[in-house]
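**Student:** Okay, here's the structure, questions in a sec.
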Amino acid sequence: MSKLFPLGITIIIPLGVIFLILSFPLTSNTGPKSFDPKVFQTDEIELLTAKISEVDSLLTDSILPILADLKGSKEGADKLEQNMMKMKAELANFKHILPKGQNNNKIDELLALVPGDQAWLDEIQDFILLQSSLNNLKIRWEPDIQRVQKGQRMYKQLCMTCHGKNGDGVPVTPEKSVTVPADAESSVLQVRPRDFTGITHKDKKVVFKFISTEREYSPALEDDLRNTIKSGLPGSPMPGFTSLSQEEIDALVDYIKTFAYLTWKYGNVNPKVYVSPKPPHDLEAKVRIDKGRQAYLTLCMACHGDIENGKDPEKDKTVDWVDSSGKPIPIMPRNFAFEPLKKGKFQELFNSIRLGIQGTPMPSNPSLSDEDTWDIISYILHLRKMANEGKLPHKKN
Amino acid sequence: MLPENISTFGHLVDNLILIIFVITLMVTVLAFGIIIYAVIRYNRNSNPHTTYKFGPFISKIIYLDAAMIVFDLIIAYASVSGWAHVIMRSRSDLISEHKEYVDVRIIGRQFFWSFNYAGLDNKMDTNDDFIIANKLVVPIDTLVLLNLTSGDVIHSFFAPHLRLKYDAIPGRSMDVWFKATKTGSYEIACAELCGAEHYRMKAKLEIVTKEQYKSWLNERSGALSVR
């Protein structure tokens, strides 16, 4: 015992005291004071900054120097042509990822100049002017590093599991069936999470399905993304993140944009926004339903099927996104009567009919008049009512 | 000590916790009492030489086992009347008992809770379903049927105020239920370490009046649902 006593004093008691001291910050409610998240995230901030500066340098390092070189290389026609081809390839690459618009047209002008052409040599001054205008491309969006960083943290928590670590729509934890019940296979579509980078698109473009601008003129409006995050897409696993505050959603949208940095940065500054009219009050009138049925039979039935007579939508329509083997992914058109609508509000549906759904076989119908569109919507409403009352033939019921 | 109880079966769970606490307290006090008594009574000065006493083997077994069985029986009774009341009720029984109910499918995901609502018609997988992340809104005094599952790894649905904690396991779906007795805003957490952001996997539980719930449901279900 007397031998053990010093052992207790020298080892066990100091250990206990150290343990108590160490455990104090865990138990006390000091929070951020004892924990600095920056310590853990330096690498990530650096990576993010590097990513952003890397894409910026594509313009300043590879395109602009080539253009500057051209001025002094009049004598070497070969070198000139070589440079020109290089630049054209760079420009074409760059143009490819840009949505249509002012910036895109400017690059078209550049591309139209043919290497070796005498006219081009004469216009070299104009050309140099144009290249400086490349430098002065209109900038739609610049990331705010603080916000992007906040968004990144939220992305990791809320989006990464489905949309993937790199935003390419490859889930971190893939699921065999996206929704749970096995018997609901027919009613719930297999949905692929949106790819924010454009890698899985057949033309490597960033395309969002539900937008309120004219097709292909902009990846989407910020408000479109905000809307989808807030209200979710019923009928898919995408939930509505209603509990997020406005700043949090903004941060999230900012981070999502960094996945396709150039596309968003040089996208159309003022994309043409399509504003759908307010719904009329007589949507449930029989006249409208009948007219809507006629329009549906001519316009929509080919893909969406004769739902009223129990026919399912056609399958095997392909979309613009490809799977890992390069094959386009098949989708099934919505069955309006039995399935939830991803964008189910009247005006959203109006937009979908008018502008189409990008990347899918759903076309835009710009020639359809407002009244005809409302007729179709009132017919869809009628179909949904019938389905809820159990009056529609369907294999599920 | 415990958070406020807002569910109809919460007191049963609290009782169970209390009973287990009292039993362990009794055993602890008894065991430590004997140890302390022995240390003082048989210290080196008063008892320099160790003595061993051997009683009949069977009596030790009886004392130990009798105590164990009694305590086990008490805990078992409390469990059956308490927790089993929550989990051993079939969905159809509950539905036939309460005509009015709310159906919610909960999917735990890394790292948020996804609440699938049945919509206005109260039927799952129909055209007015909708999904909300991290917010569970339910009416007061109404049966809420939860169907728990996970999309990726094991999560655990934990609503301390409801005294409800149940694992969400991928590939399995579990039915649990509750009935809230008080309106307000409470917290839901994930009680199973599920990954790096586990600590942020929180959701809000909002218990509202029946009228508020109805208007909320109407608003969420979207215009193209049947009104």
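**Student:** Any idea how far apart A:SER325 and A:THR10 come out in nm if each label point goes 7 Å out from Cα toward Cβ?
**Tutor:** The two pseudo-label positions are separated by 7.1 nm.
**Student:** Using Cα-Cα distances under 8 Å and only pairs 6 or more residues apart, what relative contact order does segment A:228-351 have, in percent?
**Tutor:** Averaging sequence separation for qualifying contacts and normalising by length gives 24 percent for segment A:228-351.
**Student:** Can I ask one more? With a ≥ b ≥ c the root eigenvalues of the C-alpha gyration tensor of segment B:10-87, is it rounded (a/c under 1.5), prolate (a/b larger than b/c) or oblate?
**Tutor:** oblate
**Student:** Further, regarding this structure: Given H placed on each backbone N at 1.01 Å, which residues far from B:VAL137 in sequence or on other chains put an amide H within less than 5 Å of it?
**Tutor:** It is B:GLU206, by chain and number.
**Student:** Along segment A:375-384, what does the Karplus equation 6.51 cos²θ - 1.76 cosθ + 1.60 (θ = phi - 60°) give for ³J(HN,Hα), rounded to whole Hz, x for Gly and Pro?
**Tutor:** 4, 4, 4, 5, 5, 4, 4, 4, 4, 5
**Student:** Which FRET efficiency, nearest 0.05, do A:LYS202 and A:THR242 yield, Cβ-Cβ r, R0 25 Å? Don't skip to the answer; put the middle values down first.
**Tutor:** Working: r = 34 Å, r/R0 = 1.36.
For A:LYS202 and A:THR242, the calculated efficiency is 0.15.
**Student:** Calculate one ³J(HN,Hα) per residue across segment B:20-33 by plugging θ = phi - 60° into the Karplus curve 6.51 cos²θ - 1.76 cosθ + 1.60, and present them in order as whole Hz with x for glycine and proline.
**Tutor:** For segment B:20-33, the Karplus-derived couplings read 5, 5, 5, 4, 5, 4, 4, 5, 4, 4, 4, 5, 5, x Hz, x marking Gly and Pro.
**Student:** Take the alpha-carbon centre of segment A:213-279, take the same for segment A:358-397, and report the distance between them in whole Å.
**Tutor:** 25
**Student:** For A:GLN358, list long-range residues whose amide hydrogen, built 1.01 Å from N in the peptide plane, is under 5 Å from its own amide hydrogen.
**Tutor:** Result for A:GLN358 returns A:ILE211.
**Student:** Taking neighbour counts of Cβ atoms within 10 Å as a proxy for exposure, in what order, fewest first, do A:GLU308, A:GLU371 appear?
**Tutor:** In increasing order of surrounding Cβ atoms, one gets A:GLU371, A:GLU308.
**Student:** Grab every C-alpha pair in segment A:195-261, bin the distances at 10 angstrom width from 0 up to the longest one, and report whole percents.
**Tutor:** Per 10 Å bin, starting at 0, the Cα pair percentages come out as 20, 50, 29, 1.
**Student:** Which of A:ARG354, B:ARG105 has the fewest other C-beta atoms within 10 Å, and how do the rest follow up to the most?
**Tutor:** Lowest count first: A:ARG354, B:ARG105.
**Student:** Could you work out [θ]222 nm for chain B from helices alone, using -39500 (n - 2.57) per DSSP H run of at least four and dividing by all its residues? Round to the nearest 500 deg cm²/dmol. Can you show the working numbers first?
**Tutor:** Values: 5 runs with 81 residues, N = 227.
Result for chain B, helices only: -12000 deg cm²/dmol.
**Student:** Go ahead and run the numbers for FRET between B:PHE32 and B:SER185, Cβ-Cβ distance against an R0 of 51 Å, rounding to 0.05.
**Tutor:** Values: r = 43 Å, r/R0 = 0.83.
The computed FRET efficiency comes out at 0.75.
**Student:** Here is a further query. Let a ≥ b ≥ c be the square roots of the eigenvalues of the Cα gyration tensor of segment A:243-328; is it rounded (a/c under 1.5), or, if not, prolate (a/b larger than b/c) or oblate?
**Tutor:** Details: a/c = 2.58, a/b = 1.50, b/c = 1.72.
Here segment A:243-328 falls in the oblate category.
**Student:** Additional query: Just to check I understand the Karplus step: with θ = phi - 60° and J = 6.51 cos²θ - 1.76 cosθ + 1.60, what whole-Hz values come out for segment A:280-296, glycine and proline as x?
**Tutor:** x, 7, 9, 5, 9, 5, 5, 4, 4, 4, 5, 5, x, 4, 4, 5, 4
**Student:** Filter A:LYS272/A:LYS311; A:LYS278/B:LYS135; A:LYS265/B:LYS135; A:LYS95/A:LYS209; A:LYS345/B:LYS123 down to the pairs with a C-alpha to C-alpha distance above 32 Å, please.
**Tutor:** Violating the 32 Å Cα-Cα cut-off are A:LYS272/A:LYS311; A:LYS265/B:LYS135.
**Student:** At a Förster distance of 51 Å, what's the computed FRET efficiency of B:HIS49 paired with B:ILE87, Cβ-Cβ distance as r, to 0.05?
**Tutor:** Efficiency for this residue pair is about 0.35.
**Student:** Right, next: What are the residues whose amide H is under 5 Å from the amide H of A:THR200, where those residues sit 5 or more places off or on another chain and H is modelled from the backbone?
**Tutor:** none
Taken together, the values in this text are just the output of simple stated rules run on the coordinates, not laboratory data. It should be emphasised that the depicted structure is a prediction, and the values quoted were computed from it without experimental measurement. Note that each Cβ is placed from the backbone with ideal geometry, even for glycine, and that neighbours are counted across all protein chains shown.
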